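K.L.:
After the structure tokens below, expect a handful of questions from me.
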Amino acid sequence: MKRLFVLCNVIMMSISCSNAQIKSFSKKSQSQKLTDSEGKEVKFKEVLEKYKGKTIVMEVWASWCGDCVGAMPKVKELQANNPNVVYVFVSMDKTFDKWKAGIAKHELKGENYWVNDTEGMKGTFGKSIDLDWIPRYIIINKKGEIVLYHAIETEFDKINTTLKTLE
């Protein structure tokens, strides 16, 4: 009976730890290099610091991703309803040219960065932010803390609710 009790406690602790909200990006993710729209490399940490003091919605996406393209109208609606939020788009496109064409085609308004990694989502940056699906949305508050670490295209209600709590 005692063993069963201990086993149940271990399982409960494991579940609660796996559901814990991540509040900040790891040093590994912050050190990753992204490419800006001019082709200049910048560390992810610099991107985050640039917008400190503002609420940030970060979308990890790719122009080849059907779910990402399908969610674009919702993103534009989100932008219209939350104009004081900074929108940072991080692309997992395979080439710089395809990424730039995707920005133009989908008329993305916001800050745009590209992950130049041949392994794409499974590369270093993707692993550092636990990327398992795109589009992926992350919300960061004005203090620079992550308040929503994992949302996907079917969770715009959760994204909207989170943004309302930050007004």
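K.L.:
Does Lys74 satisfy the condition of being touching a helix residue (DSSP H, G or I) at 6+ places or on another chain (Cβ under 6 Å) and either open to solvent by 60 Å² or more (accessible area, probe 1.4 Å) or closer than 17 Å to Ala151 by Cβ (or both)?
P.N.:
Yes.
Results for (1) open to solvent by less than 10 Å² (accessible area, probe 1.4 Å); (2) touching a residue at least 24 places away in the same chain (Cβ under 8 Å), shown as yes or no for each residue.
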site	(1), (2)
Ala62	yes, yes
Gly70	no, yes
Ala80	no, no
Lys100	no, yes
Gly120	no, yes
Lys127	no, no
Arg136	yes, yes
Glu145	no, yes
His150	no, no
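K.L.:
Here is a follow-up. Checking the structure you have, find out if any residue of the stretch 20-42 is at pLDDT below 50 and closer than 23 Å to Glu145 by Cβ.
P.N.:
No: zero hits.
K.L.:
I would also like to ask the following. Criterion first (without any contact (Cβ under 8 Å) to a residue 24 or more places away in the chain and in contact with a Ser or Thr (Cβ under 9 Å, 6 or more places away or on another chain)) does Glu167 satisfy it? Step through it out loud before you land on a result.
P.N.:
Numbers: without any contact (Cβ under 8 Å) to a residue 24 or more places away in the chain: yes; in contact with a Ser or Thr (Cβ under 9 Å, 6 or more places away or on another chain): yes.
For Glu167, the condition - without any contact (Cβ under 8 Å) to a residue 24 or more places away in the chain and in contact with a Ser or Thr (Cβ under 9 Å, 6 or more places away or on another chain) - is met.
K.L.:
Still on this structure, I have one more. Tell me which residues, restricted to the stretch 147-158, are closer than 15 Å to Gln21 by Cα and hydrophobic (A, V, I, L, M, F, W, C).
P.N.:
Hits for the stretch 147-158 are Val147, Leu148, Ala151.
K.L.:
Now a separate question. I need the full set of residues from the stretch 49-71 which are closer than 19 Å to Leu148 by Cα and either of a type in the set (A, V, I, L, M, F, W, C) or touching a Ser or Thr at 6+ places or on another chain (Cβ under 7 Å) (or both), in order please.
P.N.:
The first filter runs over the stretch 49-71 and keeps only residues closer than 19 Å to Leu148 by Cα, leaving 49, 51-61, 68, 71.
Hits for the stretch 49-71 are Ile56, Val57, Met58, Val60, Trp61, Cys68, Ala71.
The values are calculated or read from the model by the stated rules, or taken from the named source; none is laboratory data. Given the structure is predicted, the values throughout are model-derived calculations rather than measurements. Methodologically, a virtual Cβ is constructed for each residue, glycine included, from the backbone with ideal geometry; neighbour enumeration extends over all protein chains shown. Note: accessible area is taken over every heavy atom of the protein model, side chains too, but ligands, DNA and RNA are not part of it. Shrake-Rupley method; radii C 1.70, N 1.55, O 1.52, S 1.80 Å.
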